[in-house]
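So the structure is just underneath, and the comments pick up after that.
The values are calculated or read from the model by the stated rules, or taken from the named source; none is laboratory data. Just so you know, these numbers come straight off a predicted model, no measurement behind them. All Cβ positions, even for glycine, are placed from backbone atoms using ideal geometry, and neighbour counts span all protein chains on display. Accessible surface areas use protein heavy atoms only, side chains included; no ligands, DNA or RNA. Shrake-Rupley method; radii C 1.70, N 1.55, O 1.52, S 1.80 Å.
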Amino acid sequence: MIRKIPKWNLMLLFILLVEIIVFGLINPRFWNISILLGSFNDFIGIALVAFFVTFVIITGGIDISGGSIIGLTSVLAGILSQVAGLNIWLSVILAIAAGGLCGLLNGILIAYGRVQAMVITLGAMLLYSGISIVIVGLSGVSTYEGISGFPEAFSSLAYGEVMGIPNSVLLFLVMFFFAYVLLHLTKYGRYIYLTGINQNAAEYAGIDTRKIIASTYVLSGLSAGVAGVMLTSYLGSARADFGSEYLMPILTAVVLGGTLITGGKGGVIGTALASIIVGLLQLGLQMGGVSTQYIGLATGLLLIISVAFLGLSSDFKHSVKRILAPKKMGVD
C-alpha cells in the first residue's frame, strides 16, 4: 500500500509529522486537537485557491490574481448585503459568481488572446484590487474599517461545527474531494495533463486546449470567491485588502505539493498536504513567539527550497545520470 503512494507525498507526510512534533515541543498547546482544527480557518483560503491554481499550473500557466479576487468578492458580498440590502446568501452567490467572471476574463485573454499568463494575471491582480478599493470608496465606507454588521447565520459559516468538526475543515475536505475527482478521475483532468505536457500534441489529438486552459482560470476564480466569502465570515468584516498576503503561501502550497512550475505534472493530494504544512507553519511560528514579519520570510524560504529541490530531483538528476553513464561503462 505504501509503495503506491508517490515518494514526494510521503516526504510531505514526514515533513508534516516533524512540524507537529517540533512545534509541539516548543509550545505544548500546539498539540491541542481543537487548536489544530480551529487553525483551518487561518489557512482555508490558501488551500481552496491552491487546489485550483494546481490545475492552472499543470496546464503550463500561472495565476497570481487569486488574492485580489478574494478581496473583491469580500467587498462585493459586503456591499450587496449591507449597503444594497440584498439577502446575505444571494449576495454570497453573486460575489462567488463575480470571482468566476474574473477568472473567465483571465482565461479568455490567456487562452484565446495568446497573452502570457504572468502578464495577464499580474495586471488582473492590480485591476481587481483597484476595483475593490473604488467600490468601497463609492459606497461611503471606510477602506480601513471595512464593512461589518453581518448576520449571525453568516458568521456560522466560519465558526459553526458539524458533529464537533469545524465547518472550515469540512469545506477543506469537500473542496479537496471535488478537486481530486475532477483532476484525477475524469477525462477533463486527463486533458489538463495532456495540455500541460504538450499543448500542440493535445490539439492534434482533438482536444480544445483553449477551453481547457480558460476553464482552469474560471475554477481558480470561483475558488478565490469561496475563499473570500469564508474569510469575510471568519473576520466578521469585508475589506479590499483581504487576500493581499496570500500570493506567496498559495504558490508555496502548489509548488511544495509537487506541481512542476513548468506544467505537465502535479496533483491535488500533494497540494492539500502542502497547504496544511504552510498553515501549521504559520500557526507554529506564532505560538512559538516569532514576530509576524518573519513568518513571510519562512514561507518564502520554503517556496525557494521546494522549487530548487523539485528541480534537482528531476532535470538535474537526469543530467547527472547522463554525464556519469559513460564513465560507469568505462569502468566496467
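What to note about this one:
- Checking each residue in the stretch 248-263 for being open to solvent by 10 Å² or more (accessible area, probe 1.4 Å) and part of a loop (DSSP other than H, G, I, E, B) picks out G258, L260, I261, T262, G263.
- Considering the conditions (1) within 19 Å of the chain's Cα centre (by Cα); (2) without any contact (Cβ under 8 Å) to a residue 40 or more places away in the chain, G113 is excluded by exactly one of them, (1).
- Subset of the stretch 51-65 that is buried (at least 24 other Cβ atoms within 10 Å of the Cβ) and over 20 Å from F242 (Cα atoms) - its residue that is nearest to the chain's Cα centre (by Cα): T54
- Residue check for V229: on the phi < 0 side of the Ramachandran plot and buried (at least 23 other Cβ atoms within 10 Å of the Cβ): yes
- Picking from residues in the stretch 38-50 that are open to solvent by less than 10 Å² (accessible area, probe 1.4 Å) and assigned to a helix (DSSP H, G or I), the one that is farthest from L219 (Cα to Cα) is F43.
- Contact annotation: residue pairs with Cβ atoms under 9 Å, 6 or more positions apart or on different chains, pairing a residue in the stretch 18-37 that is outside any helix (DSSP H, G or I) with a partner that is open to solvent by 60 Å² or more (accessible area, probe 1.4 Å), are N27/G289.
- Considering only residues in the stretch 96-138 that are crowded, with 20+ Cβ neighbours inside 10 Å and among the β-branched types (V, I, T), the one that is nearest to S233 (Cα to Cα) turns out to be I96.
- Cβ-Cβ under 9 Å pairs, at least 6 apart or on other chains, the stretch 189-201 side open to solvent by 50 Å² or more (accessible area, probe 1.4 Å), far side outside any helix (DSSP H, G or I) and among the basic types (K, R): I197/K265
- Residue count for the stretch 66-88, restricted to those that are under 30 Å from A253 (Cα atoms) and either open to solvent by 20 Å² or more (accessible area, probe 1.4 Å) or among the small types (G, A, S) (or both): 8.
- Test: residue in the stretch 127-143 that is among the hydroxyl-bearing types (S, T, Y) and in contact with a strand residue (DSSP E or B) (Cβ under 8 Å, 6 or more places away or on another chain): yes
- Selection status of L171, over 18 Å from the mean Cα position of the chain (by Cα) and crowded, with 19+ Cβ neighbours inside 10 Å: no
- The residue of the stretch 241-270 that is nearest to the chain's Cα centre (by Cα), among those that are of a type in the set (S, T, N, Q) and within 17 Å of N9 (Cα to Cα), is T252.
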